[in-house]
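The structure appears below as structure tokens.
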Amino acid sequence: MITNHLLLPSLYHLQRIGIVRKIDICALNTPPLKALKENQEFHEAFPEQVFTPHPSLGEAPDKEFPELYKEVIAAMAPGNVVVVAMPDPLHYAVAMDALQHDQHVLCVKPLVLRYEQAVEIEKLAAEKGRFVGVEYHKRFDLRSLVARRGYALGQFGAFVMGEAKLIEPYYYRFSNFQNWFTCERTDPFTYIGCHYVDLVYFITGLKPIEVSVYGVKGRFPNGNEAYLRRPGCARWPPRTANALGRKRSAIGRSERCLANPR
Ligand SMILES: NC(=O)c1ccc[n+]([C@@H]2O[C@H](COP(=O)([O-])OP(=O)(O)OC[C@H]3O[C@@H](n4cnc5c(N)ncnc54)[C@H](O)[C@@H]3O)[C@@H](O)[C@H]2O)c1
């Protein structure tokens, strides 16, 4: 849960230094809120910091509150911040609701699942004069920062083509992913590939002009159908590459690969 690993520590820090006052956290039910409250690391690192859970922890653990976030947002004074850290398919509705209530929005990646939804959010944010930020924290990984600096110093030459790959361990498919990572909701390129498209922009400053994706369906252990493999191709503005193969000055031999990850 990204709120536990990343967002709440950041918000607690901002609360500790006086930038953030009250923190309300809304979840579908009480178990994740209870886990946050009982996380011993928070008690050690942020002994003074607190949040208000919605629903309250007295509610039964199996009772769900899918619409409660609307009440929590409606109760906020205008000009505060709604941090959207729910499953991808919910981002659009929550971000729009927050903007309609005159709140700024910080949303984890991917902002939304459709381009038109992003345009709609941009338009409403401009009308309301509110900020919408999308959190791509991989930009702040040391390796990304080193690559960005190296690129700026000309150490890599001009970006022409690259390759990124992520293959998760087999046991992942037994996790909660199998309940929501289904064909009609999302896919691996949207979920994780967006980081690499974003990182190319972050490192090189180049914006993609086209992204195409191909999906191979499979089934999770519980029978849900999902895109278990999702190769994608992003194109950037054409650049000139004056060599077939590596640069004359580059180290490296011929490289080839035919892989079949199972
Ligand atoms: N940048 C990254 O590296 C990174 C890493 C992990 C996750 N994420 C993103 O963070 C988001 C959340 O991922 P996660 O792994 O924390 O997911 P998760 O399944 O743990 O869900 C997060 C929370 O959403 C709550 N929720 C679900 N439906 C709700 C509703 N109707 N109302 C209120 N709360 C509701 C759940 O109770 C849960 O506590 C996703 O969009 C994911 O793409 C980003």
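The values are calculated or read from the model by the stated rules, or taken from the named source; none is laboratory data. Note that the coordinates shown come from a computational prediction; the quantities given were computed from them, not determined experimentally. Cβ coordinates were reconstructed from backbone atoms using ideal geometry, including for glycine residues, and neighbour counts include every protein chain displayed.
Return yes or no: is Pro47 within 20 Å of the chain's Cα centre (by Cα) and assigned by TED's automatic domain parsing to the domain that holds Ala77? Judged against the criteria, Pro47 is not a match.
Against the list (1) of a type in the set (Lys, Arg); (2) in a helix (DSSP H, G or I); (3) in the same structural domain as Gly193 (by TED's automatic domain parsing), the condition Lys70 fails is (3).
Rundown of residues vs (1) surrounded by fewer than 12 Cβ atoms within 10 Å (Cβ to Cβ); (2) within 13 Å of the ligand (Cβ to nearest atom), yes/no style:
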site: Glu41; (1), (2): yes, no
site: Pro53; (1), (2): no, yes
site: Asp62; (1), (2): yes, yes
site: Glu71; (1), (2): yes, yes
site: Met76; (1), (2): no, no
site: Val81; (1), (2): no, no
site: Tyr92; (1), (2): no, yes
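Which of the residues belonging to the range 56-90 are hydroxyl-bearing (Ser, Thr, Tyr) and within 21 Å of the chain's Cα centre (by Cα)?
Listed by number, the list holds a single entry, Tyr69.
Against the test of being modelled with pLDDT of 95 or more, under 21 Å from the mean Cα position of the chain (by Cα) and loosely packed, with under 15 Cβ neighbours inside 10 Å, the options Arg143, Arg148 yield a single qualifying residue, Arg143. The residue of the range 26-39 that is farthest from the ligand (Cβ to nearest atom), among those that are outside any loop (DSSP other than H, G, I, E, B) and surrounded by 13 or more Cβ atoms within 10 Å (Cβ to Cβ), is Lys37.
Exactly one residue out of Phe189, Phe202, Phe174, Phe220 is surrounded by fewer than 12 Cβ atoms within 10 Å (Cβ to Cβ) and at pLDDT 90 or above: that is Phe174. The residues on offer are Val160, Val108, and the sole one that is within 15 Å of the ligand (Cβ to nearest atom) and either among the aliphatic types (A, V, I, L, M) or surrounded by 18 or more Cβ atoms within 10 Å (Cβ to Cβ) (or both) is Val108.
Contact annotation: residue pairs with Cβ atoms under 9 Å, 6 or more positions apart or on different chains, pairing a residue in the range 28-51 that is within 14 Å of Met1 (Cβ to Cβ) with a partner that is assigned to a loop (DSSP other than H, G, I, E, B) and small (Gly, Ala, Ser), are Asn29/Ala60; Thr30/Ser56; Thr30/Gly58; Thr30/Ala60; Leu33/Ala27; Leu33/Ser56; Leu36/Ala27. What about Val20, is it of a type in the set (Val, Ile, Thr) and within 14 Å of the ligand (Cβ to nearest atom)? No; evaluated as a whole, the condition is false for this residue.
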